[in-house]
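Worksheet for the structure shown next.
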Amino acid sequence: MTGQTELKWWQRGVVYQIYPRSFKDTTGNGVGDLQGIIEKLDYLEHLGIDAIWLSPFYPSPMADFGYDVADYCDVEPLFGDLATFDRLAAAVHARGMKIIVDWVPNHTSDQHKWFIESRSSRDNPKRDWYIWRDPKPDGSLPNNWGSFFGGPAWTFDPQTGQYYMHQFVKEQPELNWRNPEVKAAMLDTLRFWMRRGVDGFRMDVIGLILKDAALRDNPINPHAPANLPENDLFSRLIQVYNMDQDEVHEVVREIRATLDEFPERCGIGELWGPLDRWVKYYGEHGEGLHLPFNFRLMDGMGFNRMTWDAQALRGVVDALEAALPDFAWPNYVLGNHDRMRMVTRFGGEAQARVAAMLLLTLRGTPTLYYGDEIGIPDVPVPPEKIQDPQGVNLGAERSRDVCRTPMQWDASPNAGFCPPDAEPWLPLTADYTARNVAVMSQDATSILTLYHQLLAMRQETPALLGGSYKPLDEGVPTDCYVYLREDGATRYLVALNFAAEARQVRLPELGRGQIMLSTHLDR
Ligand code: TEU
């Protein structure tokens with residue numbers, strides 16, 4: 001058991017994800033920017049956040065809203081410039097907070113200078129920086145892989161007569177991490193940001209960077225849903241050869257060694273898959289990532305399948321606790337820029353409050369998603385306004401725009417996100433005059449106040465930060481999830497009710513206690 005005095009910042013801290021486009025616009029173009037984040041740091045500090053993670057803000061043609069990076073070492077002019085970034089990092093650190101940036105190692109933009117060179121001719125020195133293959137003898141695709149975003153994972157480039165690989169949109173060609181020059185260049189981009197004061201990286205689809213050396217066909221998935229869109233080739237296959245290859249761990253170790261060139265840096269990986277394979281990303285002895293993201297409270301063991309049920313959730317947490325080696329620190333995620341908003345997933349704010357209490361009282365680092373603290377739901381976006389390539393290609397119900405809508409700061413027109421005469425890049429909630437930070441921070445029982453109090457309690461409670469976790473059974477109804485967090489003499493009991501009605505928990509052997517906080521702030 002790790003005593004809390006030895007906890008590192010990324011173990012004690014609560015991470016808050018900011019989608020820069022949607023946080024705060026200071027230029028009046030309807031798109032958020034880095035200066036806007038600087039202006040809202042007081043809010044985040046007051047809320048009780050320890051670290052911010054910024055989704056990509058690098059120069060980008062925005063084919064995938066910044067996850068198509070055209071230059072790893074600069075700032076997209078829409079969002080600001082390097083000087084603004086430096087001011088942001090300094091302002092974060094002045095508050096004792098940390099700054100984590102997104103790192104997108106699997107693919108670049110097709111406008112990145114490396115790819116422009118690579119595609120220019122077959123003998124260009126950068127040709128092998130990307131994954132180029134000849135058509136099969138009959139002219140067909142090199143293999144059967146599909147793109148996450150619809151269509152095949154290959155696009156033919158007539159100029160040089162070969163296909164290049166992209167597991168997302170065709171504007172996101174995949175780097176060839178088997179080429180040592182690629183690896184060296186990418187590790188240097190980590191150093192670039194660490195020298196600028198960055199404390200950690202969230203590594204996009206890190207499990208994808210190595211593929212099967214022979215690029216074998218993926219097997220057909222016999223359990224694929226029958227109603228898949230025609231172009232969803234990806235979901236028709238089992239993802240065996242295109243990700244999570246054993247060899248990837250060698251590269252992860254090199255990435256970690258690069259982080260360790262600087263003190264106290266933290267590596268977070270976007271990862272999924274079965275527990276026994278996922279846990280390997282910590283490294284055999286902790287020489288891998290500090291925090292492989294754990295999405296199981298959202299996904300269970302699959303994708304978007306977690307039932308919001310006391311026993312199921314407990315099962316997921318207990319399985320995770322059991323799978324972690326001693327050195328591995330747990331973490332939990334309940335929302336991000338790719339997923340359904342918490343309030344929508346749980347069918348309303350009452351269960352979203354229970355979810356917040358769960359996330360902030362489990363053993364491990366929580367990552368919050370901006371706007372969840374004010375209960376922003378998925379916001380309907382008219383079909384003609386859909387911008388996310390996943391929605392454009394695979395149908396409106398797959399669009400991620402709905403969970404990327406602007407943060408709502410106050411009751412003024414455009415909710416204080418952008419000037420009243422500007423048009424926010426995505427719509428606000430219909431109830432934004434009530435659902436905003438200014439109004440809800442004045443309300444002693446709002447979900448925002450709940451987050452604020454949970455964060456404050458967590459920060460000052462060793463039992464919640466580093467204490468042990470023990471689920472309880474006896475006297476607990478099956479639609480409740482009850483656990484103890486314990487550190488020395490202090491013991492916190494967390495009792496979560498997933499039923500619509502009140503429930504009673506009988507735990508006589510624990511003796512008497514005091515209610516510290518309730519989800520509706522009414523006890
Ligand atoms: O996401 C990878 C990923 O798993 C998603 O594509 C996911 O399957 C889908 O969005 C579920 O709706 C990362 C980023 O988080 C995402 O925003 C990027 O689009 C993607 O990588 C490509 O960089």
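The values are calculated or read from the model by the stated rules, or taken from the named source; none is laboratory data. The model shown is predicted, which means the values in this text are computed figures rather than measured ones. Cβ placement follows ideal geometry from the backbone for every residue including glycine, while neighbour counts extend to all protein chains displayed. Ligands, DNA and RNA are stripped out before the accessible areas are found, and what is left, the full protein with its side chains, is counted by its heavy atoms. Shrake-Rupley method; radii C 1.70, N 1.55, O 1.52, S 1.80 Å.
Quick check: convex hull of the Cα atoms in the range 205-261, volume per residue, rounded to a whole Å³? Can you show the working numbers first?
Numbers: hull volume 5.6 nm³, N = 57.
With only Cα atoms used, the range 205-261 gives 98 Å³ per residue.
Just add up the charged neighbours of V343: K/R +1, D/E -1, any other residue whose Cβ is under 14 Å from the Cβ of V343.
0
Each residue of the range 183-190 in order: what ³J(HN,Hα) in whole Hz does its phi give by Karplus 6.51 cos²θ - 1.76 cosθ + 1.60, θ = phi - 60°, with x for Gly and Pro?
Coupling constants for the range 183-190: 4, 4, 5, 6, 5, 5, 5, 5 Hz.
Leaving out ligands, DNA and RNA, what percent of the accessible area of the range 249-376 is carbon and sulfur, probe 1.4 Å? Let's see the in-between values first.
Numbers: 2150 of 4120 Å².
Whole-percent figure for carbon plus sulfur exposure: 52.
As a quick test, which of the pairs K136/K385; K24/K385; K136/K211; K126/K280 have an alpha carbon distance above 27 angstrom in this structure?
Numbers: K136/K385 39 Å; K24/K385 21 Å; K136/K211 19 Å; K126/K280 32 Å.
Too far apart for the 27 Å limit: K136/K385; K126/K280.
Accessible area per residue, 1.4 Å probe, Å², for the range 328-461: what's the number? Before the final figure, lay out the partial values.
Details: 4310 Å² over 134 residues.
With the other protein chains kept in place, the range 328-461 gives 32 Å² per residue.
Please work out the Cα center distance from the range 457-523 to the range 151-195, rounded to the nearest Å.
Result: 48 Å between the Cα centres.
Aspartates and glutamates near K183 by alpha-carbon distance under 15 Å, same-chain residues fewer than 8 away left out - which ones?
Answer for K183, where 15 Å is the Cα cut-off: D128, E174, E247, E250, E254, listed by chain and number.
What Kirkwood hydrodynamic radius do you get for the chain when you take the inverse of the mean 1/r over all pairs of distinct Cα atoms, in Å? Don't skip to the answer; put the middle values down first.
Details: mean 1/r = 0.0415 Å⁻¹.
After inverting the mean inverse Cα-Cα distance, the result is 24.1 Å.
Please report the spacing between the Cα centers of the range 17-42 and the range 358-417 in Å, no decimals.
15 Å
List, largest first, the extents of the alpha carbons of the range 370-523 along their principal axes, each in whole Å.
60, 37, 31
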